[in-house]
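Participant: Sharing a structure, written as structure tokens. Questions coming.
FYI, it's all coordinate maths here, none of it is from the lab. Computed from a predicted model, the values in this text were never measured in an experiment. Reconstructed Cβ throughout: ideal geometry from the backbone, glycine too, with neighbour counts over all protein chains shown.
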Amino acid sequence: MLAALVFQMEYFFLGKDNKYQLVEIVNFFGTKDFYDYLNKYKIKLEPEMYVLFKRVNSRKLESMINQQNKHLVTPEAIDLI
């Protein structure tokens with residue numbers, strides 16, 4: 001079941017390369033936590049990367065559940081991810 005959810009996420013966050021994959025993930029989960037993570041670990045990105053991130057609030061994984069995949073999702077799978 002978890003593999004099915006991860007499989008769905010793989011397509012949801014598909015970017016044309018690693019940079020745009022990161023942009024897709026950050027734009028879904030929100031920029032505040034991402035910037036907090038960068039600051040905590042003193043990670044510096046290439047300056048042009050910052051303009052690619054939208055200022056968005058985080059979303060919950062549950063928002064990805066739909067009629068086609070809801071039978072595959074359990075609270076344990078969401079917690080694990």
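Participant: Test of the criteria: in region 28-79, which chymotrypsin sites (Phe, Trp or Tyr not before Pro) are in a DSSP loop and have at most 13 other Cβ atoms within 10 angstrom of their Cβ?
Facilitator: Y41
Participant: Using 18 Å as the cut-off for backbone N distance, which residues of region 49-73 belong to the label zone defined by a point 7 Å from the Cα of Y35 along Cα→Cβ?
Facilitator: 49-59
Participant: Between K60 and K19, what is 0.36 nm times their sequence separation minus the Cα-Cα distance? Round to one decimal in nm. The partial results should precede the final answer.
Facilitator: On the way: separation 41, 0.36 × 41 = 14.76 nm, distance 2.22 nm.
Extra length from K60 to K19 when fully extended: 12.5 nm.
Participant: Within 15 Å, Cβ to Cβ, of V56, how many net charges do the neighbouring residues add up to if Lys/Arg are +1 and Asp/Glu are -1?
Facilitator: Details: positive: K32, K54, R55, R59, K60; negative: E24, D33, D36.
My count for the surroundings of V56 gives +2.
Participant: Net charge within 11 Å of T31 by Cβ-Cβ distance, Lys/Arg positive one each and Asp/Glu negative one each, not counting T31 itself? Write out the running numbers ahead of the final one.
Facilitator: Details: positive: K32, K54, R55; negative: D33, D36.
Net local charge, T31 excluded: +1.
Participant: While we're here: State the label only: which of (1) 58; (2) 45; (3) 69 corresponds to percent of Cα pairs over 16 Å apart computed from the shown model?
Facilitator: Among (1) 58; (2) 45; (3) 69, the one calculated here is (1).
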